Amino acid sequence: MKKICNKISKKGIVAVLLTFMMMLTTIIPVWAEQPQQTLDLSQWAIGALNEGERYGIYPAEWYYDSFRSEISQERLEVLLANTDNKIAALELNKKEDFIPVSYNGDSTRSDVLIKMYNILAQYDLPIGESPVDYMKDQGILQGTSKGLELDQICTTEQAVILATRLVEDTYNLLDAGSKGFAWEVEHNGNVIYFLGSIHIGNNELYPIEQRLKQAFNESDALIVEANLFDQEGGMEYFLEKSTYQDDATLKDNISQETYEKVLKVFEKLDLPEEVYSQIKPWRVANDLSVISMTSSEESQIASQSAGLGIDIYFLTKALITQKPIQELEGIKYQADLFDGLSPEFQEEYLNAILDGILDPQTNEAPDSAQMLDEWLKQWRNGDVEGFTSDYNGITEESENELTNMLFGKRDKDMAKKIIDILESEEKGTYFVVVGAGHFVRDNTVIHHLREKGYNVEVFQ
């Protein structure tokens, strides 16, 4: 097999994986994945529950078991502890003379409300002395058509809703939500908000700053790279493009040396050889990168948080609110990009993944979990300059067929579609969420727009 000159570096592989890992991975929130009748939750509550799940204050498994029944003491303790941790992350000054408001110790709505109020009351915050008045004034306690029903038993769902609203309201009051990497452009009566996404996230990213969510709410449509919730046709096409359609096999299309490494990795990860016998090298490499991260203790946080990426968050919000979703690319487009890699480079890419799994101790690449953690911190703080410096420092040292595929033509195509929207006579406001790398490098989306004379500014 021909050896390519521009060998992909281990450093480059880490950057590519962190940038692209979510692009072809289908992640669907638990409530959307299952038939509605299997979930014990109220339709009106879905939006708030989705927020709370992102905050990490309760596990999604609760949906399936007595979610609308009386909250158990065990669950309440978990919810209060997680809510307390979320507020503690704000690093507020604590009162030296704090005395908690007393409660009865039962499971009424009143008791749950007071316990949550006490989480805030221990800090120097202007929350008054009445738990009920404060919660009502802030919209945390909204009651029902029958009133506040404070003496009624509190369900798990109700307690989760109260905790979610309390966290969101407190972060909003202190302007403490994640700032993100955001820009905006207005032309010809059309407005576009750009949000650079980190495809893998964690609970610390949420809540997101209220201004960003307001921009999303005011937009007529969400625009993403690919709508992972619209799988009909797209996933079928992806599977077809990533599989040999004749009698060819993976073993036939890579060297014996590479295939022996494949078998060693399959054995190490406990994967059956036959499942991948007709899968193309690029797809095997992608799959192994995800599977190995799941199996790696070092990257466990990243793998567990795959569904917490920014694009998935806004896709879910659009699904809940029935906001139209448009695509800049789509799954088919992305499948064609990978399938267009040369056979030589596909094998080089596969080898880089295999080597990292078989011999991680000699991997000279930077720690992927550490790098991801730094990017997420930068996203929370809105540190575009820091992210740009780090990101470009990695990707510029690893120019190759794969990174050229991930950027280059894709950015030109995205920019062209955005220009079409800006020039359209159908006035509208749009919220665009794509990988942050498509905004911070030279010759990427914002660069192309500015070259064409459009005034793209940092979102204020």
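The values are calculated or read from the model by the stated rules, or taken from the named source; none is laboratory data. It should be emphasised that the depicted structure is a prediction, and the values quoted were computed from it without experimental measurement. Please note: Cβ atoms are built from the backbone with ideal geometry, for glycine as well, and neighbour counts cover all protein chains shown. These accessible areas exclude ligands, DNA and RNA; they are computed on the full protein's heavy atoms, side chains included. Shrake-Rupley method; radii C 1.70, N 1.55, O 1.52, S 1.80 Å.
The table for this structure:
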quantity	calculated
Inter-probe distance in nm under a simple model that places probes 7 Å from Cα toward Cβ, at S277 and D413	3.4 nm
Carbon and sulfur %, accessible surface of segment 231-288 computed with the full protein complex present, 1.4 Å	43 percent
Spin-label model distance (nm) - E267 vs Q122, 7 Å beyond Cα toward Cβ	5.3 nm
Extension reserve of the N404-E451 stretch, reckoned as 0.36 nm per residue once the Cα distance is removed	14.9 nm
Compactness index (Cα Rg / 2.2 N^0.38 Å), segment 179-225	1.24
Cα-based Rg of segment 61-215 normalised by 2.2 N^0.38 Å, two decimals	1.20
Residues E257 and D175, FRET efficiency given R0 of 41 Å [Cβ-Cβ distance, rounded to 0.05]	0.15
Å² per residue, accessible surface of segment 112-161 at 1.4 Å	44 Å²
Square roots of five times the Cα gyration tensor eigenvalues for segment 30-150, Å	27, 17, 14
Full-stretch length increase - M235, A60 - with 0.36 nm per residue and alpha-carbon distance subtracted	60.4 nm
For segment 315-358, alpha-carbon Rg over 2.2 N^0.38 Å	1.83
S102 versus T144: modelled label distance in nm, points set 7 Å from Cα along the beta carbon direction	3.0 nm
Accessible surface, per residue, of segment 174-244 when the full set of protein chains is kept, probe 1.4 Å, Å²	35 Å²
Net lengthening on full extension, D339/D246 (0.36 nm per residue, minus Cα-Cα)	31.9 nm
Efficiency of FRET from Cβ geometry, E425 and A81, R₀ 56 Å, rounded to 0.05	0.55
Rg/Rh (Cα only; Kirkwood hydrodynamic radius) as it applies to segment 197-283	1.18
